[in-house]
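First, the structure itself, so that you have it in front of you.
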Amino acid sequence: MPLKSENQTEKCPKSTLISFILNSIEEFDLAENYDLSCSQYEMIDLIPEDSLFISTKRSRGKDQICLTSSKTTGKCTHKIGFFIGKGNPSNKLCRMFKKNCSLNKKPLVLTETVERLYLKPSTLLR
């Protein structure tokens, strides 16, 4: 997966939702975007907005930021970025979107091996 480079993603047409997600990653100090190809963005745009979920996955020592169309399979369909620094990736995902993700007024403690946090970006944009 190519890392952020000459910002070629600016050339690719993207939906408002994908642009919102990418801007959220770009503005969050503990995250970085991957430089995806235009065809990868076209594949992501084929997923209906209300079926798109964002989550995290640990891969090759990095906390990946993933898009998927199914939270039941747990598969990371599109890696769009990664978190840097120490800390729980689920908490970082919540902070990146400025959302309180606590469950039943308890602190959020989720790991990718037991349970994974899925946010629906289409509801965050509205």
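Per 0.36 nm of contour for each residue apart, how much would the distance between GLU49 and GLU27 grow if the chain were fully extended, relative to their Cα-Cα spacing?
On the way: separation 22, 0.36 × 22 = 7.92 nm, distance 2.17 nm.
The span from GLU49 to GLU27 would gain 5.7 nm if fully extended.
By the gyration tensor of its Cα atoms, with a ≥ b ≥ c the square roots of the eigenvalues, what is the shape of segment 60-103: rounded for a/c under 1.5, prolate for a/b over b/c, or oblate? Working shown, then result.
On the way: a/c = 1.95, a/b = 1.17, b/c = 1.66.
It comes out oblate by the Cα gyration axes.
Could you give the dipole magnitude of segment 13-53 about its Cα centre, charging the beta-carbon of Lys and Arg +1 and that of Asp and Glu -1, in debye to the nearest 20?
Approximately 120 debye in magnitude.
Any chance you could run the full-extension gain for SER37 through ILE84? It's 0.36 nm times the residue separation minus the Cα-Cα distance, nm to one decimal.
On the way: separation 47, 0.36 × 47 = 16.92 nm, distance 2.23 nm.
My answer for the length gained is 14.7 nm.
Modelling each spin label as a point 7 Å along the Cα-to-Cβ direction, I'd like the PHE20/CYS101 distance in nm, to one decimal.
1.7 nm
Here, each number is a calculation from the coordinates, and none is a lab measurement. Given the structure is predicted, the values throughout are model-derived calculations rather than measurements. All Cβ positions, glycine included, derive from the backbone under ideal geometry; neighbour counts span all protein chains shown.
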